[in-house]
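Data block below; observations after.
Please treat every number below as a calculation from the coordinates, not as lab data. Bear in mind the structure is a predicted one, so any value in this text is a computation, not a measurement. Cβ placement follows ideal geometry from the backbone for every residue including glycine, while neighbour counts extend to all protein chains displayed.
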Amino acid sequence: MSVLPILEFPDPRLRTRAEPVRVFDAKLKQFVADLFETMYAANGVGLAATQVDVHQRVLVADMSDDRKQPLALINAQILEKEGSQVYQEGCLSFPGLYADVTRALKVKVKAQDLDGNEIVVEAEGPLAVCIQHEMDHLDGKVFVDYLSSLKRALLLKRLDKQRKQAASA
Ligand code: GNR
Ligand code: NI
């Protein structure tokens, strides 16, 4: 098992569109184990393969307080969306940055498990936010893309400032 390095904005590799997984082998299982290890080590609630520079449609999430409810989705597709919610999002690729994003309240997702079996997951609230956030990463999309250009510019300036401070500390 290994903790993988996480790409940070504005790395252009975060804009890559991931390819569907076609081979469900031991290597995939190892990769998913590494994704979980990386997510837990970074105290994240979700992680997309894109963020560790692997451009395959794999995402992991664990919204539970005890960090013992791992969910891995391969080749996830949204079947249905319902309602809307505003949630303050963060992202491991934008350390220290948070912003309100509006997304569907509920999602019904079709995906495959580690063995390639089809699964259907219905999620609501924070888990639905997380799944939508991770699916966006797999399409090269990040949460600041939803903000107005003014708000985005302000936040990215703040990120820059934080980085400069961290570098001189
Ligand atoms: O750890 C994370 N927290 C989070 C909080 C609100 C909305 C979405 C997320 S996902 C994020 C981890 C991450 O960057 N996943 O891509
Ligand atoms: Ni993210």
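Loop sites by DSSP among the trypsin sites (Lys or Arg not before Pro) of the chain, restricted to those with at most 11 other Cβ atoms within 10 angstrom, leave 69-169 as the longest stretch without any of them. Note on region 60-169: Lys pairs 8 or more places apart or on different chains, Cα atoms under 25 Å apart, count 15. Look at the alpha carbon pairs under 8 Å that are at least 6 residues apart: their mean separation over the length of region 21-155 gives a relative contact order of 22 percent. Once the chain from Arg13 to Arg67 is taken as fully extended at 0.36 nm per residue, the excess over their C-alpha distance is 16.6 nm. Ranked by how many other Cβ atoms sit within 10 Å of their own Cβ, fewest first, the residues Met1, Met39, Met63 fall in the order Met1, Met63, Met39.
Rounded to the nearest 5, what % of DSSP beta bridges with both residues in the chain are antiparallel?
So the antiparallel bridges amount to about 95 percent of the total.
Adding -39500 (n - 2.57) for every DSSP H run of four residues or longer, then dividing by how many residues the chain holds, sets the calculated 222 nm ellipticity at -9500 deg cm²/dmol. Remark on the chain: Rg and Dmax equal 15.8, 50 Å (Cα only). Note the angle between two axes, namely the Cα long axis of helix 149-168 and the longest principal axis of the Cα atoms of the chain, as a number of degrees from 0 to 90, rounded to the nearest 10. Approximately 80 degrees, to the nearest 10. Out of Ser148, Ala167, Leu114, whose Cα points farthest toward the positive end of the dipole of region 113-169 (charges: +1 Lys, Arg; -1 Asp, Glu; placed on Cβ)? Of the listed residues, the answer is Ala167.
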